[in-house]
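Here's the structure we're looking at; comments come further down.
The values are calculated or read from the model by the stated rules, or taken from the named source; none is laboratory data. Just so it is clear, the structure is predicted and the values come from calculations on it, not from any experiment. Neighbour counts run over all protein chains shown; Cβ positions are idealised from the backbone, glycine included. Areas reflect the complete protein model, heavy atoms only, side chains present, ligands, DNA and RNA absent. Shrake-Rupley method; radii C 1.70, N 1.55, O 1.52, S 1.80 Å.
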Amino acid sequence: MTPFTYARASDAVDAVRLGGQPLAKYLGGGTNLVDLLRETVERPAALVDVTGLSSAIEERPDGGLLIGAAAKNTAVAEHRTVRTRYPVLSRAIVAGASAQIRNMATVGGNILQRTRCTYFYDNDGSRCNKRLPGQGCDALDGFNRIHAILGASPACVATHPSDMCVALAALGAVVHLRSARGERMLPLTDLHRLPEDHPEIETVLESGELITAIELPALPFAVRSTYRKVRDRASYAFALISVAAALELEGGTVKNVRLALGGVAHKPWRAWEAEAFLNGRPATVENFRAAAEAELSHAKPLRDNGFKVELAVRTIAAVLGELMGENA
């Protein structure tokens, strides 16, 4: 038995105060953290319940959307504005988990969920640098079919499990943060870190820093956006490859495009290189595939997951082809 204290924060200021305790963890819906507690992967001395934070979903004067960190995934996926202006986000959330989990999981917690790497969860039988720095990574030479092909390191090849975050990365979402030092904002694409030599440090958050909201910028062409998830079974499973995309055409030429990938890296992977390749080029199947190949040219597959490279290329091309039809 690992003892811990529990306190429910009344607002963000109270949460930050309580979160400043040694070895404190913020608790949202608990759909990931409770599992980690049961497996003794996480051993916090204090839990700070932050479900009392804002769950509002508000339209901004500039046409964007502000989503409170305590908003449930179901509420976001079903929100009329999200479904009509940012369908990629609604589809990603629905693809991510069962209704029961979506009803509990919060936006802030979804962003900060930890990898589902089997070796990370195997506290008694496996080596994992993410769980215990310097221990080693059994996934490197173990069963690594679901592991990273981009941005990994000899210290860690785990992937980020969130579907929602892939859509947020493609949309250029901005994370609102609060700590004892004040408030700040940063792009979601800058929040998560690649593993390098310290896979145990997963984000750039300061100690006790709290996600208070997610802001979606006004992005008119995101009305033509979608999310496709390739997984081992039709029921809920983590992505082998997923693609979040939005596409705007002008006279058969790509005017704007947004692409992000899931299941390929330690963080939601914004496909900057593919986007740069496509902008200003004719919207053709050949160019879609060439852009995908450019993005995946840096892939370093492991023994069991080399199939992910071609799977990612084909999925990117297929999703953009689908959106091209919608733009016609």
TODO: Under 12 Å from the Cβ of D190, count the other residues' Cβ atoms, weight Lys and Arg +1, Asp and Glu -1, and hand me the total.
DONE: +4
Task: Å² per residue, accessible surface of the chain at 1.4 Å - done: 44 Å²
Task: Cα-Cα separations in segment 194-304 greater than 22 Å, expressed as whole percent - done: 47 percent
Open item on the list: Run the numbers for E322 and T253: contour at 0.36 nm per residue of separation, minus the present Cα-Cα distance, in nm.
Closed with: 23.3 nm
Open item on the list: Given an 8 Å cut-off on Cα distances and at least 6 residues of separation, report the relative contact order of the chain as a percent.
Closed with: 17 percent
Task: Inter-label distance for R303 and T40, nm, one decimal - labels placed 7 Å from Cα along Cα-to-Cβ - done: 2.9 nm
Task: Size of charge dipole - the chain - debye, nearest 20, with Cβ of Lys, Arg +1 and Asp, Glu -1, no other charges - done: 460 debye
Open item on the list: On C-alpha positions alone, give me the angle between the axis of helix 307-327 and the longest principal axis of the chain, in degrees, nearest 10.
Closed with: 60 degrees
TODO: Please work out the C-alpha center-to-center distance from segment 2-20 to segment 96-172 and express it in whole Å.
DONE: 26 Å
Open item on the list: What's the magnitude of the charge dipole for segment 5-51 around its Cα centre, counting Lys and Arg as +1 and Asp and Glu as -1 at the beta-carbon? Answer in Debye, nearest 20.
Closed with: 100 debye
Open item on the list: Can you give the local net charge around G96? Use residues other than it whose beta-carbon is closer than 9 angstrom to its beta-carbon, Lys and Arg +1, Asp and Glu -1.
Closed with: +1
TODO: Send over the semi-axes of segment 5-51's equivalent ellipsoid, whole angstrom and largest first, taken as the square roots of 5 times the C-alpha gyration tensor eigenvalues.
DONE: 19, 12, 6
Task: Inter-label distance for F221 and A237, nm, one decimal - labels placed 7 Å from Cα along Cα-to-Cβ - done: 3.4 nm
TODO: Any of K25/K267; K25/K300; K72/K229; K130/K300 with alpha carbons more than 30 Å apart? Name them for me.
DONE: K25/K300
Task: Carbon/sulfur fraction of accessible area - the chain, other protein chains in place, 1.4 Å, % - done: 52 percent
Task: Cα-projected label distance for I201 with L132, points at 7 Å along beta-carbon direction, nm - done: 2.2 nm
Open item on the list: Projecting each Cα onto the charge dipole of the chain (Lys/Arg +1, Asp/Glu -1 at the beta carbon, about the Cα centre), which of L302, N287, P87 comes out farthest on the positive side?
Closed with: P87
Task: Rounded to the nearest 20 debye, dipole of segment 1-143 from Cβ charges on Lys, Arg, Asp, Glu - done: 220 debye
Task: For q = 0.18, 0.22 Å⁻¹, Debye-computed log10 I/I(0) when each Cα of segment 24-68 counts as one equal scatterer - done: -0.63, -0.75
Task: Angle in degrees between helix 87-96 and the longest Cα principal axis of the chain, rounded to the nearest 10 - done: 50 degrees
TODO: Let me have the relative contact order for segment 5-51, percent, based on Cα pairs under 8 Å that are six or more residues apart.
DONE: 57 percent
